[in-house]
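I have placed the structure first, in the form of structure tokens, so that the comments after it can refer back to it.
Coordinate-derived values only; no laboratory data. Remember, it's a predicted structure, so these values are computed and weren't measured experimentally. So basically every Cβ, Gly included, is an ideal-geometry build from the backbone, and we count neighbours across all protein chains shown.
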Amino acid sequence: MPLYNTISDSPHEVDIIIAGGGTAGCTLAGRLSAADPSLSVLLIEGGRDTYGLPTVNHMGFVTYNLNPQTLTANFYKANREEYLAGREVVVPAGGSLGGGSAIETYHGPGLPSDHGHSGPIHVSDGGYRHAKMMDDYGAAAEAAGWREYDDLQNLRDSNGVQKWLRTVTPDGYRSTAAKGYIHPLLRDGKHPNLHVLTETHVVRVIIEGGEGEGEQKRAVGVEVTPNGKFSVVLPGAGGPGAKTALKARKLVVLSAGGLGSAPILERSGVGSAEVLKRAGVEVVKDLPGVGFAYQDHPFSTSVYKTNFSPEETMDLFYTGQRDVEQAIAEKNPMLRTNGIDYGSKLRPSEEDVERMGPEFKAYWEDHFKDEPNRPMMFCGTMAGFVYTDATAYQPGAQYFTCGNILLYPRSRGHVHITGSDVSDRLDFETGFLKDRVDVPPLVWAYKTNREITRRTSFYRGELAATHPSFPAGSAAAARDYDGPLFEHSRSRREVENIEYTAEDDEAIEEFLRRTVGTTWHSLGTCMLAPREEMGVVDKDLNVYGIKGLKVVDLSIPPENVGGNTNNTAFLIGEKGAAIVAGELGLELGTSGKLIE
């Protein structure tokens, strides 16, 4: 099985090198390797292989993968940002073979007419749903004026709620890009052409040529170094800091993600001349769009008190009441879920838009009004405590969390290198809430999803520390209740909405700037766009001005998407494979199966 975690064991020359073993990289490597057993492919991943790792296989341990000690994610610390109350936001990204698909599981079912069933990735509910939430949340949403749909991922319906599905097998195991596209080929004994090198950083792309008149520079390989998180340095051996050149005869592809591919390009001398000179890197190609247009989905949560039992919330795992071995031994059914049982895609009404102010109204009319299938917000609900400040958790109570995600933010940030080494600090700005137009929809979403929650039968009030600090005497202030609000009304529909004042809205904005964080959906830093519009790659994913170099990952979308970015990464990987296969004269097949 050609899977290595030391550079010396890896082949040093192959046909294609893919730098980054995340969702798109695994998809690309698997498709190309399966298409032609004579085509040698080397997939390089900075993290480890997680095949068989319980905290990846079982979705219930989703938050374990957001702990730096688990070594399954990378963590990028942003600059201090004035628009976020001076905070330094930390953004996680996939950091093992399979990338985001190893720690991300959100999905929707799709209509039978829109998809087949032969692909390598499973979509299901994993065989578990939260019993008290199932019918109740949908009924509460309908009472608040929202429709429940069977499928909000069909690219047509975008204004209601849905019982959410996940990239998980029907028997409850996470379905990752590595499991679906890489390990079947590594283990079938028929694809010795696929090589996977883990625990190894790609420092830069090796670019040669371009000296002669009319001669274009070309990528001929990559320079790599061991990942110091995993390497043990032996006397006289090459350890962290030692660099090795690996050669590619046909193509180099960057698939290191929205926060990884741009820094590799810049360390290779491809990027803004100003940024490169400041970092002490020789300019190979002045390409100002590299690292320029970072975007993520701004994310804000609020927590509510419930009548759930301790065994009915994900806090069973989050707070350590059940450790990994114990939960697996008892076959706890919540291992089959990440806790997201309901999701919603919502659009404000015309009256809501008017109340959000003229600047937002102009943005709405330009980008949303005439596109009814384009949602403004996504809300995910979870039986459990999810909040930026873990100290707000109060033992003894059981919680329910609403997470609001702005799907099409206008704010932009950036990510750039500050030096030539992989260990040098990144100049990283998330840009969250930098553009004023992004604030009103998040304020609206807080109010909207609070009203849905107030109409559930399990609602028992707000956990005050996770809600805005409303003025004294405000009708919006957090409260506790002994039973459902609709016990005192004729029905859920009769529950009165909270009336918010202008001062309340200011309190919500202050809360957002203090708490908004990441959905770890980083993209846009190597945009597919014309070069004069800060583009980095063309329609065939070629880096402008460098032959034999492509980018195939989430850094290429020019703006964020109104859905699951992990799905988008799979799509980019599949499309990238089709493009490369076409250039090489290969047939990928049409059934969707990895191996025909």
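Highest average first, the peptides 572-585, 348-361 ordered by how many other beta carbon atoms sit within 10 Å of their residues are 572-585, 348-361.
Kindly state, to the nearest 0.05, the FRET efficiency for LYS229 paired with GLU350, given R0 = 60 Å and r defined as their beta-carbon distance. The partial results should precede the final answer.
Values: r = 52 Å, r/R0 = 0.87.
After rounding to 0.05, the efficiency reads 0.70.
Sorted on the mean count of surrounding Cβ atoms within 10 Å across their residues, most packed first, peptides 137-143, 76-82 read 137-143, 76-82.
Got a sec? Which residues in the stretch 16-47 would a label at LYS593 touch, if it sits 7 Å along Cα→Cβ and we count backbone N under 14 Å? Under 14 Å, as judged by backbone N against the label point of LYS593, lie 35 of the stretch 16-47. Counted residue by residue at 0.36 nm each, then reduced by the alpha carbon distance between them, the extension gain from ARG479 to ALA578 reaches 30.1 nm.
Among the GluC sites (Glu not before Pro) in the stretch 265-295, those located in a DSSP loop and surrounded by at most 11 other Cβ atoms within 10 Å of their own Cβ are GLU282. For the chain, the longest principal axis of the Cα atoms and the long axis of helix 565-584 meet at an angle of about 20 degrees. The C-alpha atoms of the chain define a longest principal axis, and helix 439-454 lies at about 50 degrees to it. Using 0.36 nm per residue and subtracting the Cα-Cα separation, the extra length available between LYS447 and THR319 on full extension is 43.3 nm. If one takes the longest principal axis of the Cα atoms in the chain, at what angle in degrees, from 0 to 90 and to the nearest 10, does the Cα axis of helix 502-515 lie? Tilt relative to the chain: about 30 degrees. Taking only the Cα atoms of the stretch 406-461, the ratio Rg/Rh comes out at 1.28, with Rh defined as the Kirkwood radius. The Rg/Rh ratio for the stretch 244-329, using Cα coordinates for both the radius of gyration and the Kirkwood hydrodynamic radius, is 1.29. Projecting label points 7 angstrom from Cα along Cα→Cβ for LYS539 and GLU506 puts them 5.2 nm apart. Applying 1/(1 + (r/R0)^6) with R0 = 35 Å to the Cβ-Cβ distance of ARG410 and ASN67 gives a FRET efficiency near 0.60.
List the lysines whose Cα lies under 27 Å from the Cα of LYS539, skipping any in the same chain that are fewer than 8 positions away. In chain and number order, the partners are LYS217, LYS247, LYS250, LYS285, LYS547, LYS550, LYS575, LYS593.
Counting only lysines at least 8 places from LYS345 when in the same chain, those with an alpha carbon closer than 21 Å to its own are LYS163, LYS361, LYS369, LYS447.
Here, the stretch 480-596 is characterised by an Rg to Rh ratio of 1.26, where Rg is the alpha-carbon radius of gyration and Rh the Kirkwood radius. How many percent of all Cα-Cα pairs in the chain sit more than 37 Å apart? In whole percent, the long-distance tail amounts to 33.
Computed from the alpha carbon positions, the gyration tensor of the stretch 331-470 leads to an equivalent ellipsoid with semi-axes of 28, 26, 15 Å, biggest first. Considering only Cα atoms, the convex hull volume of the stretch 519-569 works out to 77 Å³ per residue.
By the rule of a C-alpha distance below 19 Å, with chain neighbours fewer than 8 residues away ignored, the aspartates and glutamates paired with LYS179 are GLU45, ASP49, GLU104, ASP125, ASP171, ASP188, GLU199, ASP553, GLU574, GLU596. Of THR200, THR70, the sequence from fewest to most neighbouring Cβ atoms within 10 angstrom is THR70, THR200. Net length available on complete extension from GLU365 to SER423 is 16.4 nm, with 0.36 nm assigned per residue and the Cα-Cα distance removed. The antiparallel fraction among DSSP beta bridges confined to the chain stands at about 70%.
Could you please rank VAL415, VAL89, placing first whichever residue has the fewest other Cβ atoms within 10 Å of its Cβ? Numbers along the way, then the final one.
Details: VAL415 28, VAL89 22.
By the 10 Å Cβ count, ascending, the order reads VAL89, VAL415.
Amide hydrogen proximity for ASP49: with H placed 1.01 Å from N in the peptide plane, the residues at 5 or more positions away or on another chain lying under 5 Å are LEU97.
Could you list LEU433, LEU485 so that the one with the fewest beta carbons within 10 Å of its beta carbon is first and the one with the most is last?
LEU485, LEU433
Round to the nearest 0.05 the FRET efficiency obtained for LYS331 and SER309 when R0 = 30 Å and r is the Cβ-Cβ distance. Efficiency, rounded to the nearest 0.05: 0.95. Evaluating kT/(6 pi eta Rh) at 10 °C and 1.306 mPa s, with the Kirkwood radius of the stretch 443-507 over Cα pairs in the Stokes-Einstein relation, gives 127 µm² s⁻¹.
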